[in-house]
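> Mind looking over this structure? Questions follow.
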Amino acid sequence: MPVNEGVRPRPQTFTDFMRMKFKGILDAIGAWVNRSGLEPNTITLLGLVGSFIGAFFLAWGKLPLGGVIILLMGLVDSVDGSMARLRGEPMKFGAFVDSVTDRYVELLIYGGLLIHFLRQGDVWTSVAVFLAAGGSVLVSYVKARAESLGFEAKGGILTRMERYMVLVPSLVFGFPKVGIAAVALLANVTALQRIIHVRKQAKGK
């Protein structure tokens, strides 16, 4: 007899925990958007376009406004998976599109910040933005590459949702350099944590 039948899977990351915590709300919103006739991938692309607009405002120094737009687009992006699941549609391609779009969104955000601080002549913060972008991409790449080789590489101190929770409030409330520095450090630490975790699995085999 299966012991875990009917038991909800334990969340492995903070992102998993938040998705489970707000599943009911996301499903209600997803069902409402489904009734409007919009496709899940359309919502994903709308989030990308909105993030581009937010990044544009960041590039021109409107950091609080850009941060608010990016926050709203993050909420929009969280609905597409619920929409696809409620439709009973195959989710693999949708998940692929969502993951690729997420990387574009992050690079747009950091690109906007990089333009802003370069225009200000702030070399050190520009370097920190570059490190934050590199660390964020590496966190995702390490996971994807590990899974393609049969390893597991979730978790770490600063996954995507935590990066948003650090960066977006720092933009909205006027301490962007603190948020950028924190992501620059902790995103790269997270990538290193995942690399070490994969190495342990490889040695175990």
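The values are calculated or read from the model by the stated rules, or taken from the named source; none is laboratory data. In this text, all values refer to a predicted model and were calculated from it rather than measured experimentally. Neighbour counts are summed over all protein chains in view; Cβ atoms, including those assigned to glycine, are modelled from backbone coordinates with ideal geometry.
> For segment 28-83, give me each residue that is surrounded by fewer than 16 Cβ atoms within 10 Å (Cβ to Cβ) and polar (S, T, N, Q).
Correct list: S36, T42.
> Among (1) assigned to a helix (DSSP H, G or I); (2) crowded, with 17+ Cβ neighbours inside 10 Å, there is one condition I195 misses while meeting the rest; what is its number?
Answer for I195: the failing condition is (2).
> Then there's this: Could you list all residues from segment 105-144 that are surrounded by fewer than 19 Cβ atoms within 10 Å (Cβ to Cβ), out of contact with any Phe, Trp or Tyr (no Cβ under 9 Å at 6 or more places or on another chain) and of a type in the set (D, E, K, R)?
If the condition is that a residue be surrounded by fewer than 19 Cβ atoms within 10 Å (Cβ to Cβ), out of contact with any Phe, Trp or Tyr (no Cβ under 9 Å at 6 or more places or on another chain) and of a type in the set (D, E, K, R), then D122 is the only one that fits.
> Are there any helices (runs of 4 or more DSSP H) wholly within segment 28-101 with 2 or more residues that are hydroxyl-bearing (S, T, Y), and if so which?
Output list reads 40-59.
> Does segment 94-103 contain any residue that is touching a Leu at 6+ places or on another chain (Cβ under 8 Å) and either at pLDDT below 95 or closer than 20 Å to V33 by Cα (or both)?
yes
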